[in-house]
Amino acid sequence: MQKKIDAEILFMHIIITPIVWAKLTPEQENLFLDKKSEINAVKANLKDLVERAQAMGISANKLLVYSNGAERINKYVESEKVDMVVMGSHGTYGFKEHMLGSNTYSMLRRTNVPVIVIKEGFEHSSIDTLVIATNFREETGKSFAQIENFTELLKAELKVLYVNTPDHFVETNDILKIGQSFLDEFAAYNHEINIVDAFREERGIIQFAKKTQADAVAVITFGKSDLLQYFSPSVTENLIAMIDIPVISLRKNTF
């Protein structure tokens, strides 16, 4: 993906330390040999990642953050002017924060930049088909346009999806009318409007992604639902837990 969009990769690692490690002298560091050994291993891994990326012709850098456990990645994403974050998830469906990891969970809730979450074991090397799940609300227009542009940079196919649920049911003709008006205003290209009926947003997205053999899914998140069904952060978290392909989470009017 980096080669297609010509971006620099910043490998970031946050390590929990019992005290303010950066202020310790070398002699004081020796009082915490286990932590010192862990830090040295992390530094070696970051160096290896940068060297591997550079050997592939990729511009890369590294950042090691010492934390007392209260700091969050989004603080450094803002200070480093990061445009997009790629993070991993692990395990199976269950308690969200444990499954996602506290840092990933925090990023989905707090950051203003897109977050791509990739499941452990995912092996695809490219995104050729991307599904964007949308409710066609005007305030999502900027984010939709940026996803469309991102898809163009990747030279991928974008599939537009509306999930029609019983709680927020809208007749097909109305969805198509609203959707076409939205696309006329915010899309640079013509897109087919795909509609899936499902009991929950996550189920509809997963069903459509499987049917179209999509490589990734993008969701624009908000707060709570209204009559035209917002996608809340919890929907995105459930989707990540239930789907095997990467999920791109965007907050409205960001990117």
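Val219 is checked against (1) closer than 23 Å to Val113 by Cα; (2) of a type in the set (Val, Ile, Thr); (3) part of a helix (DSSP H, G or I) and fails just one. What number does that condition carry?
With respect to (1) closer than 23 Å to Val113 by Cα; (2) of a type in the set (Val, Ile, Thr); (3) part of a helix (DSSP H, G or I), Val219 is out only on (3).
Evaluate the following for Lys36: is it more than 12 Å from Ile15 (Cα to Cα), touching a helix residue (DSSP H, G or I) at 6+ places or on another chain (Cβ under 6 Å) and of a type in the set (Lys, Arg)?
no
Counting residues that are open to solvent by 50 Å² or more (accessible area, probe 1.4 Å), which strands (runs of 3 or more DSSP E) fully inside region 1-91 reach at least 2?
9-16, 60-67
In region 128-149, how many are in contact with a strand residue (DSSP E or B) (Cβ under 6 Å, 6 or more places away or on another chain), hydroxyl-bearing (Ser, Thr, Tyr) and not in a helix (DSSP H, G or I)?
Selection size over region 128-149: 1.
Output the residues belonging to region 150-186 that are assigned to a strand (DSSP E or B) and out of contact with any Leu (no Cβ under 8 Å at 6 or more places or on another chain). Before the answer, list the steps.
So the first thing to find is which residues in region 150-186 are assigned to a strand (DSSP E or B), and the list is 157-164.
Within region 150-186, Leu161, Tyr162, Val163, Asn164 qualify.
A quick yes/no check of all residues on (1) open to solvent by 40 Å² or more (accessible area, probe 1.4 Å); (2) farther than 22 Å from Met1 by Cα; (3) modelled with pLDDT of 95 or more:
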site	(1), (2), (3)
Ile147	no, no, no
Lys155	yes, no, no
Leu158	no, no, yes
Phe169	yes, yes, no
Asp174	yes, yes, yes
Gly179	no, yes, yes
Asp184	yes, yes, yes
Asn238	no, yes, no
Lys252	yes, yes, no
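The values are calculated or read from the model by the stated rules, or taken from the named source; none is laboratory data. Every value quoted in this text rests on a predicted model; they were computed, and no experiment measured them. Glycine gets a Cβ as well: all are built from the backbone with ideal geometry, and neighbour counts include every protein chain shown. Note: areas computed on protein heavy atoms with side chains; ligands, DNA, RNA excluded. Shrake-Rupley method; radii C 1.70, N 1.55, O 1.52, S 1.80 Å.
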